[in-house]
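See structure below.
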Amino acid sequence: MLEEGADRATLRKEGLTAAVIDATFDVAPGEIFVVMGLSGSGKSTLIRTVNGLLEPTAGSISIDGQDVTHLSKAGLREVRRTKVSMVFQHFALLPHRTVGENAAYPLQLRGVNKAEREQRAEEALGMVGLAGWGGSLPSELSGGMRQRVGLARALAAGTDVLLMDEAFSALDPLIRKEMQDQLLELQSELGKTILFITHDLNEAMRLGDRIAMMRDGRIVQVGTAEQILNEPANDYVAQFVADVDRSRVLTASAVMERPAAVIGVESGPKAAHKLMREHQVPALLVTGRNRRLEGVVWEDDVANAVKQGADKLPQSGEGAIRVTPDTPLIELLGDAASSRAPLAVVDENDRLLGVIPRVTLLSALSVPDGENGDAGEAAEPASAGTGDSDTVLDTAGAN
Amino acid sequence: MTIPNLHLGDYVADGVDWIKATFEPLLDGISDGLETLVDGISGLLLAPPPLVVVVVFALLALLVRSWSFAVFSLVGMLLIVSMEMWEPAMETLALVVVAAVIALIIAVPLGILAARSNGFSAVLRPILDFMQTMPAFVYLVPVVIFFSIGVAPGVCATIVFALPPGVRLTELAIRQVDRETVEAGESFGGTSGQILRGIQLPLGLPTIMAGVNQVIMLALSMAVVAGLVGAGGLGQVVVGAISQLDVAVGFEGGLSVVIIAIYLDRLTGAIGQHDNRSLLATLRRRRRRVAPAA
């Protein structure tokens, strides 16, 4: 019935509930893939099919090329022990065991000897900032610390794939942010493949290399935070992202424009003057060899230089403001306010990648609704972490 | 029209006779075994001077619960001794311990199975209802036929009567363990045995202990009723008092039952608690503090 295109409402009349209807996606190694949806959208069911806690009625899931949907119980256990570990919303720690024993639990299930599992648990606790807490009971820890134990437990298991089911949703906002930061930091060191489930769009945008938007058991869009923000696949997604703080999600590289008002460092003041009139800008960025950013020239100085017949560009002491491509827009606002010059986006070698005029910055922060689609057009297709080959995790059409 | 008379009881009586005739050697074996067990334990309890046993009971109370409970046990048990009810009280205690242990050995696995299988649970439930609501005295009839008069029929009737709450509370204990915690066990590749031992039983322990507590209390109440079939102990004292209308002995026997009951109830009730102020719990906490961070 579902395959004929029936939706949840039709099925409900039959007394059934389809939790996940059509969810096809790949997760690349080392990627944080976020599945975002409201409660009841089927995201928790989805994540539970990945490690076989629930068995899909149709479709398949493969991890590292191995189909896990039709495994025997023993085979499934092996996958869970060696390939996938999970972090739970309400931590799911064992209250009668110490923090250290909790972290060592997956290893104990696997039959690792006591000395080794204690050592690995201690390492994992150290990674999440809980070194020395091994002897405490979970009940003596705060919520954030308990979830760190949950994370340490998953890390101690040493699997490449981490499933995180609303892992930070039960935490206070401040603690949640702290945990997100820590996860990103850990991820930059460990490079795990993470499937993260959340109902919090801001969290999804902060963490996700790519995000899948889920609604009524179907995935309605998969893309980077910027793609979802700027090119919502349908009204539902658009409505959803309307409230997102765009200034924290969009980065400089997403809104920057091709640098037009640029002049070579060897050019004379007359050329600069002409260029300024053509582009109607008060300032030009000056670049040297290999598009290295040298500085900025201002209209007044250029006019003076032309009058005096100088042959060198009068570079200003007020230098260009350099930003890196992955700076969130919110951090650019202060710079934009303090300088008249366009913001120069440069890479680590100080090469000019693009510019962000104030107008662009402002329009990027407004919601794209046809009239000011500048931000959308300016957005480059981001390519962060989407290695399409080498699929590690990939689910197909679970219903 | 007339409704045909259906004498179900006759069939049951025939069944009981058949069992008696067919399994005579087995029943005799069970009877001897139970008698040996109960006699052994009551012999053990009665071998040392009563005061020594009283002190041991009080120490046990201190170990698992608290000072005040230890004082209560000391005073209560001394009262039993001074009423000259010590010997029957220890016989009853032995009978209760044997019956309760056997009942739990049967009840806990049944409860675990029932928690895992909805089908099994559905079949088991009406049987448990039957066992629990059938008037306790009715059990005494077939067990006397099986085992004749003595300790064995008392123990068997007690087991049947005390079993149901043990099964029910074990099932409840395992079913109510947090779903996510069990999933955690599964998601790290635990076998069902590992999850049972490492997660479900320890997390369900307080409820299971409530079941143990109920089993023991029911066993005690039935052990007194079993005095009717010659099971000895306080039951015999109470039954004797009824037949002779002896208020004084009846009261002393009854009071002894109450003291034993409170003692067993508080003792087993304390074991399931995670944070109590007993000596044992304090020692355990201290040991964990001292132990190096694992």
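Computed from the coordinates by the stated procedures, all read-outs in this text should not be read as laboratory data. What you are looking at is a predicted structure, and each value in this text was computed from that prediction instead of being measured. Every residue, glycine as well, gets a Cβ built from its backbone with ideal geometry; the counts of neighbours run over all protein chains shown.
Highest mean packing first, where packing is the average number of other Cβ atoms within 10 Å per residue, the peptides A:28-38, B:177-187, B:55-65 line up as A:28-38, B:177-187, B:55-65.
Can you find, among B:VAL12, B:LEU45, B:LEU34, the residue farthest towards the positive end of the dipole of the stretch B:1-53? Put +1 on the C-beta of Lys and Arg, -1 on that of Asp and Glu. Farthest towards the positive end: B:LEU45. For chain A, the relative contact order is 24 percent, taking Cα pairs closer than 8 Å that sit 6 or more residues apart in sequence and dividing their mean separation by the residue count. Computed over chain A, the percent of Cα pairs more than 33 Å apart is 45. In this rough spin-label picture, where each label sits 7 Å from Cα along the Cβ direction, the A:ARG248-B:GLU84 distance is 8.4 nm.
Peptide A:43-51 shows a mean partner chain C-beta count of 1 within 10 Å per residue C-beta.
With a simple spin-label model that places each label point 7 Å from the Cα along the Cα-to-Cβ direction, the separation between A:LYS114 and B:ILE262 comes to 4.3 nm.
When B:GLU171, B:GLU84, B:GLU35, A:GLU348 are sorted by how many other C-beta atoms sit within 10 angstrom of their C-beta, beginning with the fewest, the order is A:GLU348, B:GLU84, B:GLU35, B:GLU171. Across the stretch A:227-370 the C-alpha pair distances fall into 5 Å bins from zero in the proportions 2, 10, 19, 19, 16, 12, 9, 6, 4, 2, 1, 0, 0 percent. The Cα-based radius of gyration of chain B, divided by its Kirkwood radius, gives an Rg/Rh of 1.03.
For chain B, the mean residue ellipticity at 222 nm estimated from helices alone is -27500 deg cm²/dmol, where every DSSP H run of n ≥ 4 contributes -39500 (n - 2.57) and the total is divided by all residues, rounded to the nearest 500. Over the C-alpha trace of the stretch B:61-161, radius of gyration and Dmax come out as 18.1, 53 angstrom. The fewest-to-most ranking of A:GLU55, A:GLU185, A:GLU101 by surrounding Cβ atoms within 10 Å reads A:GLU185, A:GLU55, A:GLU101.
Over all orientations, the stretch A:65-110 has a Cα convex hull whose mean projected area works out to 4.1 square nanometres.
Considering only B:MET131, A:GLY288, B:VAL239, and ranking their Cα positions along the charge dipole of the protein assembly as shown that arises from unit charges at the beta-carbon of Lys, Arg, Asp and Glu, the one farthest toward the positive end is B:VAL239. Relative contact order of the stretch B:99-201: 37 percent, from C-alpha pairs under 8 Å at least 6 residues apart in sequence.
Given R₀ = 56 Å, FRET efficiency for A:ASN304-A:TYR236 by Cβ-Cβ distance, to 0.05? It comes out at approximately 0.50.
Relative contact order, whole percent, for chain B stands at 24, derived from Cα pairs under 8 Å and 6 or more residues apart. Rounded to the nearest 20 debye, the dipole size of the protein assembly as shown about its Cα centre is 1380 debye, using +1 on the Cβ of Lys and Arg and -1 on the Cβ of Asp and Glu.
Counting neighbouring beta carbons within 10 Å and listing from fewest to most, the residues A:THR193, B:THR207 come out as B:THR207, A:THR193. Over all distinct Cα-Cα pairs of the stretch A:68-147, the Kirkwood formula returns a hydrodynamic radius of 13.6 Å.
For the protein assembly as shown, the fraction of alpha-carbon pairs lying more than 32 Å apart is 67 percent, rounded to a whole number. For the stretch A:21-111, the share of alpha carbon pairs falling in successive 5 Å distance bins from zero is 2, 10, 20, 22, 19, 15, 8, 2, 0 percent. Each label was represented as a point 7 Å from its Cα along the Cα-to-Cβ direction; for A:ASN349 and A:ALA271 these points are 2.2 nm apart.
Volume per residue of the convex hull around the Cα atoms, evaluated for the stretch B:1-122, comes out as 243 Å³.
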